[in-house]
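K.L.:
Structure incoming, see below.
The values are calculated or read from the model by the stated rules, or taken from the named source; none is laboratory data. This structure is a prediction, so every number in the text was calculated from the model and none was measured. No Cβ is skipped: glycine too gets one built from the backbone with ideal geometry, and neighbour counts run over all protein chains shown. When the accessible area is computed, the model is the full protein with side chains, heavy atoms only, and any ligands, DNA or RNA have been set aside. Shrake-Rupley method; radii C 1.70, N 1.55, O 1.52, S 1.80 Å.
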Amino acid sequence: ISVCSSAGDQKYPSIASDGNGGAFIAWQDEISSKIYAQHLDSNGSPLWTSNGIVVCSTSGEQSQVKIVSDGQDGCILVWQDKRNGSETDLYAQRLSGTGNKVWDTNGISVTTASGNQSKQIIIDDGSGGVFVVWEDWRNGYPNIDIYAQHLSSSGTQLWTANGVAVVSQTDNQFSPAIDTSGNKLIVTWSDSRTDNGDIYVQ
């Protein structure tokens, strides 16, 4: 079935279960460079506006969205955002099951640190919030690090502003993967601090 058949390309979809046999789907619209989302029920019928709702309509490009269920009939989305200039920041939005924006109209900041923040991955925290982990260029190349942030169900940053360093070593740390155990976040990544690429975990 078609989720969106608008003019131009729709690309880079992300999907999450809604817990009721349906799904939340988010994507980037090429013409507008904005993020859209749709909620499908267990029969595949769209529950929101035809061709999806606009998640963020501010200036700049929004891209590479990731989506996860909030465990409370809605979803949380995190995307790369250039509203502040040429560098890529991360922003987030929480949508209710009916498609209403729970946080600020154009989303809340996850990080606006210097340099690019990208390749984010997300996982729900079991309480309506989300953990976000990403590759961070604030210390320049070749010193890419892994940073993380915890957003509450109300969108409050629970950790240090612009995220905490999961690892900040010489050379590059990249390609994070995450899981949770109880109330803890577990992060693993590829690490180039030695001559040979290794795998680390925290």
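K.L.:
Mind checking which residues of segment 10-28 are without any contact (Cβ under 8 Å) to a residue 24 or more places away in the chain and open to solvent by less than 30 Å² (accessible area, probe 1.4 Å)?
P.N.:
Once the filter is applied, which keeps residues that are without any contact (Cβ under 8 Å) to a residue 24 or more places away in the chain and open to solvent by less than 30 Å² (accessible area, probe 1.4 Å), segment 10-28 yields only Ala23.
K.L.:
Follow-up. Take segment 147-196 and flag every residue that is more than 19 Å from Ala113 (Cα to Cα) and either among the aliphatic types (A, V, I, L, M) or touching a His at 6+ places or on another chain (Cβ under 9 Å) (or both).
P.N.:
Ala177, Ile178, Leu185, Ile186, Val187
K.L.:
In segment 10-27, is there at least one residue being closer than 19 Å to Ile108 by Cα, in contact with a Lys or Arg (Cβ under 9 Å, 6 or more places away or on another chain) and modelled with pLDDT of 95 or more? Please lay out each step first, then the result.
P.N.:
As a first pass, look at segment 10-27 and keep what is closer than 19 Å to Ile108 by Cα: 26-27.
Restricting the remaining residues to those that are in contact with a Lys or Arg (Cβ under 9 Å, 6 or more places away or on another chain) gives 26-27.
Narrowing further to those that are modelled with pLDDT of 95 or more: 26-27.
Looking for residues that are closer than 19 Å to Ile108 by Cα, in contact with a Lys or Arg (Cβ under 9 Å, 6 or more places away or on another chain) and modelled with pLDDT of 95 or more, one finds at least one in segment 10-27, hence yes.
K.L.:
Filter segment 69-92 down to the residues that are touching a residue at least 24 places away in the same chain (Cβ under 8 Å), more than 22 Å from Val164 (Cβ to Cβ) and of a type in the set (S, T, N, Q) and list them by number.
P.N.:
Across segment 69-92, the qualifying residues are Ser69, Gln72.
K.L.:
Further question on the same structure: Just checking, does segment 107-118 include any residue being open to solvent by 50 Å² or more (accessible area, probe 1.4 Å) and either outside any loop (DSSP other than H, G, I, E, B) or over 26 Å from Tyr12 (Cβ atoms) (or both)?
P.N.:
Looking for residues that are open to solvent by 50 Å² or more (accessible area, probe 1.4 Å) and either outside any loop (DSSP other than H, G, I, E, B) or over 26 Å from Tyr12 (Cβ atoms) (or both), one finds none in segment 107-118, hence no.
K.L.:
Let me ask another. Please identify the pairs in which a residue from segment 31-58 that is within 27 Å of Leu90 (Cα to Cα) and among the small types (Gly, Ala, Ser) has its Cβ atom under 6 Å from the Cβ atom of a residue that is open to solvent by 20 Å² or more (accessible area, probe 1.4 Å) and part of a strand (DSSP E or B), counting only partners at least 6 apart or on another chain.
P.N.:
Pairs that qualify, where the first residue is within 27 Å of Leu90 (Cα to Cα) and among the small types (Gly, Ala, Ser) and the partner is open to solvent by 20 Å² or more (accessible area, probe 1.4 Å) and part of a strand (DSSP E or B), are Ala37/Ile53; Gly52/Tyr36.
K.L.:
Please determine, by comparing only the residues of segment 37-59 that are over 14 Å from Ser2 (Cα atoms) and not in a loop (DSSP other than H, G, I, E, B), which one is least open to solvent (accessible area, probe 1.4 Å).
P.N.:
Ile53
K.L.:
Check every one of the strands (runs of 3 or more DSSP E) wholly within segment 119-202 and list those with 3 or more residues that are open to solvent by less than 70 Å² (accessible area, probe 1.4 Å).
P.N.:
Hits in segment 119-202: 130-136, 145-151, 164-167, 173-181, 184-191.
K.L.:
Also, quick follow-up: Looking only at segment 88-106, which residues are open to solvent by 40 Å² or more (accessible area, probe 1.4 Å) and among the charged types (D, E, K, R)?
P.N.:
Once the filter is applied, which keeps residues that are open to solvent by 40 Å² or more (accessible area, probe 1.4 Å) and among the charged types (D, E, K, R), segment 88-106 yields Lys101, Asp104.
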